[in-house]
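What follows is a short report on a single structure.
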DNA sequence: TTGTAAGCGTTATCAC
DNA sequence: GTGATAACGCTTACAA
């Protein structure tokens, strides 16, 4: 006990060579039935399990895909991962998960670790990272795909959606509901391209309608229920009180609803609040959140599929653009159209 | 590109032996400064990263801990994992995450995979699994800890809480609020000891008060918002309509609130609904859920700590019982005490 | 159909 | 301080 049996041990027990045991494991067809039976019996009796390190060394393949996500605490990443894993599991591939805590230096470190482990492929979130990380990835020739974002002219293989366009569409939606005094609670934008793009998308739409997001009406805060609540309370104290608050994700939005309620405002009668992501929280919040539905499961499945292709075909891979969709629930209210634009 | 540099390559480039390069990497103090500088330059220039497989073979250690959870789609596991990972990361240990989908056979398979990868330790959820899995674990001598459950007489190292006692306490709480017609929406109990224990705990408390949970008042369903809603709608159609519904977790409870509302009932005026876990959903639901707070972050941190001890000291490890706590929010209403028991 | 033996990239035990 | 060299467990020509 404690001393793990090796191929040698199995070979001895079955009175064959290690090569034969290896064949039983990998190409059982090449072994005579009786020999095979003897070997299999020995394997079972000893509780033998192949040694991954030895195999990795001999094969230069690990059947492992690595992924670096910002955090597992955000349900949307966890759920995307679940989908990713389901598809990888079908190909008998395991997932090595690392987190960066939204910190680029930590992410770079995690990428090194994954490469060091000879993962067959890597999944990353978003495009924003130092050149060195991309260089390292390329010099090792390890295929990688980027999730949660998609741009027409991205030099990388992306399986995701256009954050900017999606946010712009949501802002348009809010504007066409009659809102003019609009505020935003954004996630931290530093080295988070999804947050940046969503903010830009909102700005795009406002600009198109001759509106703007002045500093006072933009709150930037880490994702969290409390942070959303606090930001909303603050925005609602402003002299030019917003009639609608766009949030960088559903957690912030759910928090914002709570903050608004505590400050004595009724959603959406007094203030409209919309989210982004469409997680369970959006459906449970009261009023239920009008939000942008992100196809997180499809993203996971497609991402896995594309990466698997790159791994087996050694091909360049291809990006996939996924569609988002505005889910109209009840947190967005309609305002009478103002007389003058 | 594509062909990863090895220790040999670095050694050649730095005009030293592989042994010296290895020393620079592992025990830099033993190498003369100038030699070290030369080697480090070569490492940087070549973009060398140690080969994990080779190292695993030579060291018989992988700096990896494996964990098998039912699913990442449930936020509570994802969050527990996040905490687990934070503590492991401090010890430079990586997490290999596998999911079982609440299926014991798949879990057994995943345990084999983890052992095959020579993980230094394993984290499992709950105690319910076939003897063979435990035998395999023991025969390999790989330390493991069990999370999410704790029993005084468990033969395993557990870092968790007493699910039965916690559920009993919640049921007592509901009873002492005056409820007598009580129903439960449980998660699937087959090979899920947490779900079983929570159900038993509720039964314990009811029994103590001369009450019982007849078949009609017990719904067993997979975790999910829709499942909770459906189960609640069904229970509320019963002739002996329950005044309180205990749920196996917060997702079911949040769904139940939705189901009750859609069926025209007001929570908690018409029916009280309580949950278990205390995830974000509980706070966001309207009315906010009265639920059992599970210290998922502490569980992750403590679990990691205990496992790390077992790995380094080779000691037997020790279980840790964590306390749960009832969080009173607004989904539990008080009923006038009935005249007769 | 089976066995022999080289090689995968690292670390560790020796000498020097 | 540094260099040979023998493990570590596995796969895979090549031989038999």
Residue by residue through the range A:254-282, note down the ones that are more than 10 Å from chain B (Cβ to nearest Cβ) and within 26 Å of the chain's Cα centre (by Cα).
A:256, A:273, A:274, A:275, A:276, A:277, A:278
Given the conditions (1) in contact with a helix residue (DSSP H, G or I) (Cβ under 7 Å, 6 or more places away or on another chain); (2) part of a helix (DSSP H, G or I); (3) more than 8 Å from DNA strand D (Cβ to nearest atom), and given that residue B:37 satisfies all but one, which numbered condition is not satisfied?
(1)
Scan A:185, A:146 and give me the residue that is buried (at least 19 other Cβ atoms within 10 Å of the Cβ) and touching a helix residue (DSSP H, G or I) at 6+ places or on another chain (Cβ under 8 Å).
A:185
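Could you check the range A:23-37 and list, in sequence order, the residues that are touching a residue at least 12 places away in the same chain (Cβ under 8 Å) and buried (at least 18 other Cβ atoms within 10 Å of the Cβ)? If you could, list the steps in order and put the result at the bottom.
Residues of the range A:23-37 that are touching a residue at least 12 places away in the same chain (Cβ under 8 Å), as a first pass: A:24-25, A:35-36.
Selection gives A:24, A:36.
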Of everything in the range A:264-300 that's on the phi > 0 side of the Ramachandran plot and part of a loop (DSSP other than H, G, I, E, B), which residue is surrounded by the most Cβ atoms within 10 Å (Cβ to Cβ)?
A:278
If residue B:53 meets every condition in (1) within 11 Å of chain A (Cβ to nearest Cβ); (2) within 14 Å of DNA strand C (Cβ to nearest atom); (3) in contact (Cβ under 8 Å) with a residue 12 or more places away in the chain apart from one, which number is that one?
(3)
Under the condition of being within 7 Å of DNA strand D (Cβ to nearest atom) and not in a loop (DSSP other than H, G, I, E, B), which residue from the range A:41-66 is nearest to residue B:60 (Cα to Cα)?
A:53
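Anything in the range A:2-34 that is at positive phi and either within 14 Å of chain B (Cβ to nearest Cβ) or near DNA strand D (Cβ under 7 Å from one of its atoms) (or both)? List them, or say none.
So in the range A:2-34, the residues at positive phi come out as A:2, A:15.
Once the filter is applied, which keeps residues that are at positive phi and either within 14 Å of chain B (Cβ to nearest Cβ) or near DNA strand D (Cβ under 7 Å from one of its atoms) (or both), the range A:2-34 yields only A:2.
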Of B:129, B:198, the only residue that is buried (at least 18 other Cβ atoms within 10 Å of the Cβ), out of contact with any strand residue (DSSP E or B) (no Cβ under 8 Å at 6 or more places or on another chain) and either within 19 Å of residue B:275 (Cβ to Cβ) or in contact (Cβ under 8 Å) with a residue 12 or more places away in the chain (or both) is B:129
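Taking the range B:242-253, which residues are under 19 Å from residue B:203 (Cβ atoms) and at the interface with chain A (Cβ under 9 Å from one of its Cβ atoms)?
First, pick out the residues of the range B:242-253 that are under 19 Å from residue B:203 (Cβ atoms): B:242-249, B:252-253.
If the condition is that a residue be under 19 Å from residue B:203 (Cβ atoms) and at the interface with chain A (Cβ under 9 Å from one of its Cβ atoms), then no residue fits.
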Within the range B:307-323, does at least one residue satisfy the condition of being in a helix (DSSP H, G or I), crowded, with 18+ Cβ neighbours inside 10 Å and under 15 Å from the mean Cα position of the chain (by Cα)?
yes
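Where in the range A:76-181 are there helices (runs of 4 or more DSSP H), lying fully within it, with 3 or more residues that are outside the structural domain of residue A:320 (by TED's automatic domain parsing)? Steps first, please.
Details: elements: A:104-116, A:131-140, A:163-176.
The qualifying helices (runs of 4 or more DSSP H) are A:163-176.
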Looking only at the range A:99-126, how many residues end up being under 22 Å from residue A:149 (Cβ atoms), within 11 Å of chain B (Cβ to nearest Cβ) and surrounded by fewer than 20 Cβ atoms within 10 Å (Cβ to Cβ)?
3
Filter the range A:62-71 for residues that are facing chain B (nearest Cβ under 9 Å) and in contact with a strand residue (DSSP E or B) (Cβ under 6 Å, 6 or more places away or on another chain); the one that is farthest from DNA strand C (Cβ to nearest atom) is A:71
In the range B:6-22, how many are near DNA strand C (Cβ under 8 Å from one of its atoms) and surrounded by 12 or more Cβ atoms within 10 Å (Cβ to Cβ)?
8
Residue in the range B:77-92 that is free of Cβ contacts under 8 Å to residues at least 40 places away in the same chain and within 16 Å of DNA strand C (Cβ to nearest atom) present:
yes
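In this structure, is residue A:330 over 20 Å from residue A:227 (Cβ atoms) and surrounded by fewer than 16 Cβ atoms within 10 Å (Cβ to Cβ)? Before the answer, list the steps.
Numbers: over 20 Å from residue A:227 (Cβ atoms): yes; surrounded by fewer than 16 Cβ atoms within 10 Å (Cβ to Cβ): yes.
Criteria met by residue A:330.
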Just to check your reading of the model, which residue among A:228, A:303 is surrounded by 24 or more Cβ atoms within 10 Å (Cβ to Cβ), assigned by TED's automatic domain parsing to the domain that holds residue A:93 and touching a strand residue (DSSP E or B) at 6+ places or on another chain (Cβ under 7 Å)?
A:303
Could you check, for the range A:150-161, whether at least one of its residues is more than 14 Å from chain B (Cβ to nearest Cβ) and closer than 24 Å to residue A:256 by Cβ?
yes
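Got a sec? Which of B:59, B:46 is more than 7 Å from every other protein chain (Cβ to nearest Cβ), within 16 Å of DNA strand C (Cβ to nearest atom) and more than 21 Å from residue B:315 (Cβ to Cβ)?
Of B:59, B:46, the one residue that is more than 7 Å from every other protein chain (Cβ to nearest Cβ), within 16 Å of DNA strand C (Cβ to nearest atom) and more than 21 Å from residue B:315 (Cβ to Cβ) is B:46.
Counting just the residues of the range B:23-34 that are part of a helix (DSSP H, G or I) and more than 7 Å from DNA strand C (Cβ to nearest atom), which one comes out nearest to residue A:134 (Cα to Cα)?
Initially, the range B:23-34 is screened for residues part of a helix (DSSP H, G or I), giving B:23-26, B:28-30, B:33-34.
When the remaining residues are screened for being more than 7 Å from DNA strand C (Cβ to nearest atom), the result is B:23-24, B:28-30, B:33-34.
Working: B:23: 29, B:24: 26, B:28: 28, B:29: 32, B:30: 34, B:33: 31, B:34: 31 Å.
Taking the candidates together, the pick is B:24.
The values are calculated or read from the model by the stated rules, or taken from the named source; none is laboratory data. Source: prediction; values computed, not measured. As a convention, Cβ positions derive from the backbone with ideal geometry for all residues, glycine included, and neighbour counts pool all protein chains shown.
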